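What follows is a set of notes on a single structure, which appears directly below.
Here, each number is a calculation from the coordinates, and none is a lab measurement. Computed from a predicted structure; not experimentally measured. Note: ideal-geometry Cβ built from the backbone for every residue, glycine included; neighbour counts use all protein chains shown.
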Amino acid sequence: MFKFLVSLCFITYFSTTFFAQSNSYKGKFDNDDIKSTLTFNQDETVNGSFYYVSNPSRIYKISGTNFIKGEMEIIISFSGKRIGAGTLHKSISDTHIIWEGDINTTNNENLNLLLKRPR
């Protein structure tokens, strides 16, 4: 029974990890340069992180969903505390894939988040 449970856990982990798609992005958060990584999972969840280019040791966590094609609902956290949430919309140019939208912070600010990667 133990071997069966271990095998089941391994298969579940492998299948969700194997089919996940990770991409690196450059962009801006409130006009400050950032670098980000997003992973789009098979179950339509999204997770990742970003950091300010000026302060790479301060890493922010991104989690969310991509249930609707071209729309990503995200939550941004730092040190386990939620700092903001919002909706990003996808656009595609000849050269780039872009996710952009406003993040409503816990300080009642609306900050623009732009993530861009080559096609």
Mind grabbing the base-10 log of I(q)/I(0) for the range 20-118 at q = 0.11, 0.14, 0.16, 0.18 Å⁻¹? Debye formula, identical points on the C-alpha positions, no solvent, two decimal places. -0.28, -0.47, -0.62, -0.80
Peptide ranges 112-118, 78-84, 91-97 listed from the most packed, as the mean C-beta count within 10 angstrom indicates: 112-118, 78-84, 91-97
Let me check I've understood the local charge: for PHE78, count other residues with C-beta under 9 angstrom from its C-beta, Lys and Arg +1, Asp and Glu -1. What total comes out? +4
What's the FRET efficiency of THR106 with SER24 using the Cβ-Cβ distance as r and R₀ = 25 Å, to the nearest 0.05? 0.40
Within the set of other residues whose C-beta is less than 11 Å from the C-beta of LEU111, count the net charge using Lys and Arg as +1 and Asp and Glu as -1. -3
Relative contact order (percent) for the range 20-118, with alpha-carbon contacts under 8 angstrom and 6 or more residues of separation? 22 percent
At 0.36 nm per residue, and after removing the present C-alpha to C-alpha distance, how many nm does the segment from LYS35 to ILE98 gain when stretched out fully? 21.3 nm
Quick check: residue separation of ILE83 and ASN55 times 0.36 nm, minus the Cα distance between them. What number comes out in nm? 8.3 nm
